[in-house]
Amino acid sequence: MATAAKIGIGSAINRVDGVEKVTGSARYAGEHPVENLLYGYIVEAAIAKGRVLSVDEDAARAVPGVVEVITHLNRPHVAWTDHSYQDEMKIPGSPFRPLYDDRIQFSQQPIALVLAETFEAARYAASLIEIAYETEAHNTDFDVALDEKYVPKKKRSGYVPPKDRGDAAQAFADAPLKVAGDYRLAPEHHNPMEMFGSTVEWHGDGSITVWDKTQGSQGVHAYLASVFGFSKKKLRVLNPYVGGAFGSGLRPQHQVFLAVLAAKMLERSVRVTMTRQQMFSHAYRPQAVQSIALGADRTGKLTAIRNAATTSTSRYEDNMENVVTWGLMNYDCPNADAEYTVAQIDTPTSADMRAPGAATGMTLFEIAIDEMAYAAKVDPLEFRLINYSPIDAMNGTPYTSKALREAFREGAEAFKWSERSAEPRSMREGSELIGWGCATGMWDAQFSKTSASAKLTANGHLEVACATSDIGTGSYTVMTLVAADTLGLPPEQITAKLGDSDLPTAPVEGGSWGAASSGAAVQLACQAVGKKLLKAAGKIAGEPLGGAKIEDVLFEDGCIVLKDTPTVRVPFGDAMRAADLTEIEEEATAAPGFGDMWKGLHKSKNTHSAIFAEVRVDEELGVVRVTRIVDAVAAGRIINPKTARSQILGGVVMGIGMALHEETFSDHRLGRWMNHNFGEYHVPVHADIHDIQVIFVDEPDPEVTPLGVKGLGEIGIVGTAAAIANAIYHATGKRVRSLPITIDKILE
Amino acid sequence: MNRFDYTRPASVAEAVQAGTGEQVRYLAGGTNLIDLMKENVDQPTTVIDINRLPLNAIEELDGGGLRLGALVPNSDTAWDARVEQRYPLLSSAILAGASPQLRNAATNGGNLNQRTRCYYFYDVATPCNKRKPGSGCGAIGGVNRIHAILGASDQCIATHPSDMCVALAVLDAIVQVTGPEGDRAIPIADYHRLPGDEPWRDNTLRPGELVTGIDLPAEDFTKNYTYLKLRDRLSYAFALVSIAVAMRIEGSTIAEARVALGGVAHKPWRSTEAEKLLKGQQPSPQTFSAFADALLAGAVGQCKNDFKIPLARKGIVRALKQAAEATPQSQTDKRIA
């Protein structure tokens, strides 16, 4: 019997939710239709620090359609301990509590919520609220805050303290070749396309349904239950579609708190959405300064690495990232030390943003590595190979896999790196200087305990479900492909459900662990269904499968097939009818350590990439064009090459933004971000994007995660800005150590 | 957004009649006004929708010029065959601005009257003399990367954000307006104003006056011209510095040259006095540099925007070269010609 090519893990298929997204039938949090809805508009603090003395609401309340103004003065009871506000991704400190008291901790902090029958009435009324403040001295200048940088006592979960080796200070002092400098990254805001929004449906029986823009429905569920005292069954949180988040949705944002607060107080359905300007009122990537000192001998062998970094956090929480570890892990060098500190400024707590820590610390480190290569007069790619470490050089542990060498080779070949002329300013065309640069990218291959269910009905339809999120990453498609692969069904017969706190438990989606974790859970659940199917087939008269065990069969085209005798095929429906089953439903949990993962227990697990960039810089005017990028990625097994490529393309584009455009400017006198809109906060546009080639290097790795998947959400951004910065140096001979590299820094 | 009265007059006369009063605004493409209203930067009591007025044609003028109707979309203007052939500088400048979607909605009259993109003007939580007279200028001593280096005052250092107007300045366009006191023709150089002590006044329109069209005199700047825009990304960003050049070369000498700068002042910056330095000269880097120094005479940085002065100087020299060599800047190929 002729069968169509099996679609499963490794098949490049379209996003299964693509049609819904491009036709607009996919509803986002702020779009879900609910009857008799009230609209909330957030009033933000105009000062960075101090207290609210009084709120004059009279004019606002007089606006037709306005129903209520909620402030700390009239809000209903909410939880009062820090513990109650600690979310799944909590950071040590005292979490921000919206409308809790008169204290103002950052500019744009929500201090009132206006509720009205229309959004515009609420927004206008919000503009009429007069607030009297008592101001206190603030500081938003990171450079000033650096004077009081410190090592937080309580470390954030996931923080990896750097491990020193050898004597880096002495080795640096003795090194014949040295590079030392301060490397900087400007504050960046995530700015996903979809603004934060929440729609709360008040059912009237004490229960609510919340559509929220979040990376984790169950994280928000737990937070709301804790803060508002909802019994868990009276609360359901949904996020079936999320228009990007990049980490800004890892923690519950304040609009969901405010929407639920208002719904509870007014016993009505409420929607609160942020404007683009208000998207600058919360999470941002911390500002960073990294002092890097490298020593090498005359052959280009590293002898010393000194890597110290400070990132910005708020006054009320100690956000920590893994900034300084990457360089120590990635390079073979006998002497290395590192130090990581944070510095407080009067802003909201900084937050994870795509490849937190690595996008900062690996990128800046890779600029310093490039400088060292030039100092040693060694080709930058060759320099990386000379100092290549097949093991995790910081921890002394082997990797489950590290195909970075292959990534360098394949990337260099595709880029034609060998045709590069070594000297800076040596390649030009007309008025443009051409530069080629490269860098290494690195991220963690993570796995997180996740459950999933699979339900097969006798008509051959399979539904797989897991409370994970799809923030544009392709989770629906990943779950569908894994299920198709495991039970041998075509994707059209499979429905993937996610983004619902009622579904089997999954962590917040982030850290690139989503595909590996939810994929493994879906596979386990489908395997359990397979076993039930085989058992059911045993009831068929004459036992066509002859008592075959699970390892003796495979699932193909909706049939159980004997491996040894592929002509023996039992359709799923036949097996289920024989056992009098209308459906088979199984739930399974994938936890770290099962399958071959135990072998990787004491190994380091990381993704790697080799990025090559070509820039063209107008010699006189300093205008930069990134004309070519090749990103060769070693990330284990690729579930869907098509959406995987999209992930990397997105990361690279964001890396171009980090290299050239993204920066939030603060007026330190006002303590306020000033370019808080899309006109003046620049992300790359079409004209900034040229040829981007993505290569996935073959990297089988059964030990890293059950499916051999390492994850792709972050790796595309890490190092990309360094490759571009290094290419700009190669083109112009001008070394810029501060990102973004704007026109003024090149002309300086 | 505040509550406001909305009217949609059927004729220009009716519009002008309705247009008197303090907080009255004419609404055309709305690409700027609506944003300002959403952010409560502007709170008109009456919005007069002029989109149905018969001001949406491009017409021939006696003597070989063109009249651009105030309501013709920027896109239609840029791609109009007559404009492309006779005023390629204007087409180029329009296409250097905003995005296709915005250009499709934005009109010629609206482009003239768009407000500054100063961060402080847009944020009602901060001081701004242009938005709220007497509240101070936040940009002075603040975040002023995008601000003026020429013609600013101690009240305001905002810039006019238009690209189109920079080309109009070079083309000596005439703005046709009508109002309660009848019709007026305002030379483009007199249309926008410097902030001085009244930064809330962007232009010299009198209360209730409505732009009806823009006249382009007959000129022949179809060969030696350019519009060079330098910005923080390659498209969809306001100019840090932009340079419009129109030149006539006879033999090997410059018979006439006009240059205007965008992104550097409260209005397109032009100096007919400085342009005399180019007249009768051979195109050369020295001549261009001398001119750049003259045009930038008195330029003052505000700290974060100090780089604009050398950037403008280099940009002017480059743009003059582009014009002299008849290699105008492409607005699609972002390589600088």
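The values are calculated or read from the model by the stated rules, or taken from the named source; none is laboratory data. Small disclaimer: the values here were computed from a predicted structure and weren't measured. Glycine also receives a Cβ, built like all others from the backbone with ideal geometry; neighbour counts cover every protein chain displayed.
State which residue pairs qualify: first residue assigned by TED's automatic domain parsing to the domain that holds A:Val378 and under 19 Å from B:Thr327 (Cα atoms) and inside the range A:421-437, second residue part of a strand (DSSP E or B) and among the acidic types (Asp, Glu) in any location, beta carbons under 6 Å apart, and separation of 6 or more residues or different chains.
A:Ser431/A:Asp618; A:Glu432/A:Asp618
For B:Val83, work out the one condition from (1) crowded, with 22+ Cβ neighbours inside 10 Å; (2) part of a helix (DSSP H, G or I) it doesn't fulfil.
Only one criterion in (1) crowded, with 22+ Cβ neighbours inside 10 Å; (2) part of a helix (DSSP H, G or I) is unmet by B:Val83, namely (1).
Out of all the residues in the range B:210-254, which are away from every other protein chain (no Cβ under 14 Å) and hydrophobic (A, V, I, L, M, F, W, C)? Steps first, please.
Looking only at the range B:210-254, we keep the residues that are away from every other protein chain (no Cβ under 14 Å), and these are B:210-225, B:227, B:244-254.
Scanning the range B:210-254 gives B:Leu210, B:Val211, B:Ile214, B:Leu216, B:Ala218, B:Phe221, B:Ala244, B:Val245, B:Ala246, B:Met247, B:Ile249, B:Ile254.
State whether one or more residues within the range B:141-148 are among the charged types (D, E, K, R), in contact with a Pro (Cβ under 6 Å, 6 or more places away or on another chain) and touching a residue at least 40 places away in the same chain (Cβ under 8 Å). Give the derivation first.
Within the range B:141-148, the subset among the charged types (D, E, K, R) is B:145.
Remaining after also requiring in contact with a Pro (Cβ under 6 Å, 6 or more places away or on another chain): none.
No, there is no match, as no residue in the range B:141-148 is among the charged types (D, E, K, R), in contact with a Pro (Cβ under 6 Å, 6 or more places away or on another chain) and touching a residue at least 40 places away in the same chain (Cβ under 8 Å).
Which condition number does B:Ser11 fail, the rest of (1) over 18 Å from B:Asn108 (Cα atoms); (2) within 14 Å of another protein chain (Cβ to nearest Cβ); (3) at pLDDT 95 or above being met?
If we test B:Ser11 against (1) over 18 Å from B:Asn108 (Cα atoms); (2) within 14 Å of another protein chain (Cβ to nearest Cβ); (3) at pLDDT 95 or above, just (2) comes out false.
Restricting to the range B:127-170, and then to whatever is crowded, with 24+ Cβ neighbours inside 10 Å and hydroxyl-bearing (Ser, Thr, Tyr), can you tell me which residue is farthest from the chain's Cα centre (by Cα)?
B:Thr159
Can you run down the residue pairs with Cβ atoms below 6 Å, 6 or more apart or on separate chains, where the first is in the range A:611-623 and within 7 Å of chain B (Cβ to nearest Cβ) and crowded, with 24+ Cβ neighbours inside 10 Å and the partner is modelled with pLDDT under 95 and in a strand (DSSP E or B)?
Within 6 Å, no pair qualifies.
Among the listed residues A:Glu57, A:Glu68, which satisfies the condition of being of a type in the set (D, E, K, R), surrounded by 21 or more Cβ atoms within 10 Å (Cβ to Cβ) and under 23 Å from A:Ser127 (Cβ atoms)? Break it down into steps so the answer makes sense when it comes.
Numbers: A:Glu68 fails: surrounded by 21 or more Cβ atoms within 10 Å (Cβ to Cβ).
Going through A:Glu57, A:Glu68 in turn, just one is of a type in the set (D, E, K, R), surrounded by 21 or more Cβ atoms within 10 Å (Cβ to Cβ) and under 23 Å from A:Ser127 (Cβ atoms): A:Glu57.
Which condition number does A:Glu748 fail, the rest of (1) within 14 Å of chain B (Cβ to nearest Cβ); (2) closer than 30 Å to A:Ile9 by Cβ being met?
A:Glu748 satisfies every listed condition except (2).
Does A:His676 satisfy the condition of being buried (at least 23 other Cβ atoms within 10 Å of the Cβ), part of a loop (DSSP other than H, G, I, E, B) and either without any contact (Cβ under 8 Å) to a residue 40 or more places away in the chain or within 14 Å of chain B (Cβ to nearest Cβ) (or both)?
Values: buried (at least 23 other Cβ atoms within 10 Å of the Cβ): yes; part of a loop (DSSP other than H, G, I, E, B): yes; either without any contact (Cβ under 8 Å) to a residue 40 or more places away in the chain or within 14 Å of chain B (Cβ to nearest Cβ) (or both): yes.
When the stated conditions are applied, A:His676 passes them.
Given the structure, is A:Asp17 more than 14 Å from chain B (Cβ to nearest Cβ) and out of contact with any Lys or Arg (no Cβ under 8 Å at 6 or more places or on another chain)?
Working: more than 14 Å from chain B (Cβ to nearest Cβ): yes; out of contact with any Lys or Arg (no Cβ under 8 Å at 6 or more places or on another chain): yes.
Yes.
Restricting the search to the range B:235-250, which residues are out of contact with any strand residue (DSSP E or B) (no Cβ under 7 Å at 6 or more places or on another chain) and either at pLDDT below 95 or among the small types (Gly, Ala, Ser) (or both)? Talk me through it step by step, then tell me what you get.
So the first thing to find is which residues in the range B:235-250 are out of contact with any strand residue (DSSP E or B) (no Cβ under 7 Å at 6 or more places or on another chain), and the list is B:235-238, B:250.
The answer is B:Ser235, B:Ala237.
Across the range A:240-298, which residue is surrounded by the fewest Cβ atoms within 10 Å (Cβ to Cβ) among those that are among the hydroxyl-bearing types (Ser, Thr, Tyr), part of a loop (DSSP other than H, G, I, E, B) and more than 14 Å from every other protein chain (Cβ to nearest Cβ)? First the steps, then the outcome.
Within the range A:240-298, the subset among the hydroxyl-bearing types (Ser, Thr, Tyr) is A:241, A:248, A:269, A:273, A:275, A:281, A:284, A:291.
When the remaining residues are screened for being part of a loop (DSSP other than H, G, I, E, B), the result is A:241, A:248, A:275, A:281, A:284.
From what is left, the residues that are more than 14 Å from every other protein chain (Cβ to nearest Cβ) are A:241, A:248, A:284.
On the way: A:Tyr241: 25, A:Ser248: 26, A:Tyr284: 23.
For the range A:240-298, the residue satisfying everything is A:Tyr284.
I need a count of the residues in the range A:170-188 that are more than 27 Å from A:Leu739 (Cα to Cα), loosely packed, with under 15 Cβ neighbours inside 10 Å and of a type outside the set (S, T, N, Q). Let's see the steps before the verdict.
To start, the set of residues in the range A:170-188 that are more than 27 Å from A:Leu739 (Cα to Cα) comprises A:170-171, A:173-176.
The next check asks that each one be loosely packed, with under 15 Cβ neighbours inside 10 Å; those that pass are A:170, A:173-174, A:176.
Those left that are additionally of a type outside the set (S, T, N, Q): A:173-174, A:176.
So the answer is 3.
Residues checked against (1) assigned to a loop (DSSP other than H, G, I, E, B); (2) free of Cβ contacts under 8 Å to residues at least 24 places away in the same chain; (3) in contact with a Ser or Thr (Cβ under 7 Å, 6 or more places away or on another chain); (4) of a type outside the set (Asp, Glu):
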residue: A:Asn14; (1), (2), (3), (4): yes, no, no, yes
residue: A:Glu20; (1), (2), (3), (4): no, no, no, no
residue: A:Val34; (1), (2), (3), (4): yes, no, yes, yes
residue: A:Val43; (1), (2), (3), (4): no, no, no, yes
residue: A:Ile47; (1), (2), (3), (4): yes, no, yes, yes
residue: A:Ser54; (1), (2), (3), (4): no, no, no, yes
residue: A:Ser84; (1), (2), (3), (4): no, no, yes, yes
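Every residue, every condition in (1) farther than 27 Å from A:Gly197 by Cα; (2) in contact (Cβ under 8 Å) with a residue 60 or more places away in the chain; (3) crowded, with 19+ Cβ neighbours inside 10 Å; (4) more than 31 Å from the chain's Cα centre (by Cα), yes or no:
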{"site": "A:Ala126", "(1), (2), (3), (4)": "no, yes, yes, yes"}
{"site": "A:Tyr133", "(1), (2), (3), (4)": "yes, yes, no, yes"}
{"site": "A:Glu136", "(1), (2), (3), (4)": "yes, yes, no, yes"}
{"site": "A:Phe142", "(1), (2), (3), (4)": "yes, yes, yes, no"}
{"site": "A:Tyr150", "(1), (2), (3), (4)": "yes, yes, no, no"}
{"site": "A:Gly158", "(1), (2), (3), (4)": "yes, yes, no, no"}
{"site": "A:Asp164", "(1), (2), (3), (4)": "yes, yes, no, no"}
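Within the range B:289-337, which residues are part of a loop (DSSP other than H, G, I, E, B), within 10 Å of chain A (Cβ to nearest Cβ) and of a type in the set (A, V, I, L, M, F, W, C)?
Selection gives B:Phe307, B:Ile336, B:Ala337.
Anything in the range B:114-126 that is crowded, with 23+ Cβ neighbours inside 10 Å and at the interface with another protein chain (Cβ under 9 Å from one of its Cβ atoms)? List them, or say none.
Hits for the range B:114-126 are B:Tyr119, B:Tyr120, B:Tyr122, B:Asp123, B:Thr126.
Select from the range A:205-220 the residues that are modelled with pLDDT of 95 or more and touching a helix residue (DSSP H, G or I) at 6+ places or on another chain (Cβ under 7 Å) and list them in ascending order.
A:Ser207, A:Ile208, A:Val210, A:Trp211, A:Asp212, A:Lys213, A:Thr214, A:Val220, listed by residue number.
Of all residues in the range B:138-150, count the ones that are away from chain A (no Cβ under 12 Å) and in contact with a Phe, Trp or Tyr (Cβ under 7 Å, 6 or more places away or on another chain). If you could, list the steps in order and put the result at the bottom.
At the first step, the residues of the range B:138-150 found to be away from chain A (no Cβ under 12 Å) are B:148-150.
Filter once more, keeping what is in contact with a Phe, Trp or Tyr (Cβ under 7 Å, 6 or more places away or on another chain): B:150.
Of the residues in that region, 1 qualify.
Can you tell me which residues in the range A:679-707 are within 14 Å of chain B (Cβ to nearest Cβ), assigned to a loop (DSSP other than H, G, I, E, B) and in contact with a strand residue (DSSP E or B) (Cβ under 9 Å, 6 or more places away or on another chain)?
A:Tyr681, A:Pro684, A:Ile689, A:His690 - these are the residues of the range A:679-707 that are within 14 Å of chain B (Cβ to nearest Cβ), assigned to a loop (DSSP other than H, G, I, E, B) and in contact with a strand residue (DSSP E or B) (Cβ under 9 Å, 6 or more places away or on another chain).
Any residue in the range B:205-214 that is under 30 Å from A:His682 (Cβ atoms), surrounded by fewer than 24 Cβ atoms within 10 Å (Cβ to Cβ) and in contact (Cβ under 8 Å) with a residue 24 or more places away in the chain?
Within the range B:205-214, the subset under 30 Å from A:His682 (Cβ atoms) is none.
No, because not a single residue in the range B:205-214 is under 30 Å from A:His682 (Cβ atoms), surrounded by fewer than 24 Cβ atoms within 10 Å (Cβ to Cβ) and in contact (Cβ under 8 Å) with a residue 24 or more places away in the chain.
Could you say which residue among B:Asn111, B:Asn104, B:Asn51 is outside any helix (DSSP H, G or I) and out of contact with any His (no Cβ under 6 Å at 6 or more places or on another chain)?
Numbers: B:Asn111 fails: outside any helix (DSSP H, G or I); B:Asn104 fails: outside any helix (DSSP H, G or I).
After applying the criteria, what remains is B:Asn51.
May I ask you to say which residue of A:Gly519, A:Gly546, A:Gly530 is loosely packed, with under 15 Cβ neighbours inside 10 Å and among the small types (Gly, Ala, Ser)? It would help to see each step written out before you state the result.
Details: A:Gly519 fails: loosely packed, with under 15 Cβ neighbours inside 10 Å; A:Gly530 fails: loosely packed, with under 15 Cβ neighbours inside 10 Å.
Every option except A:Gly546 fails the conditions.
Those residues that are closer than 30 Å to A:Val570 by Cα, in a helix (DSSP H, G or I) and among the polar types (S, T, N, Q), I need them from the range A:485-521; list them, please.
A:Thr486, A:Gln493, A:Ser518
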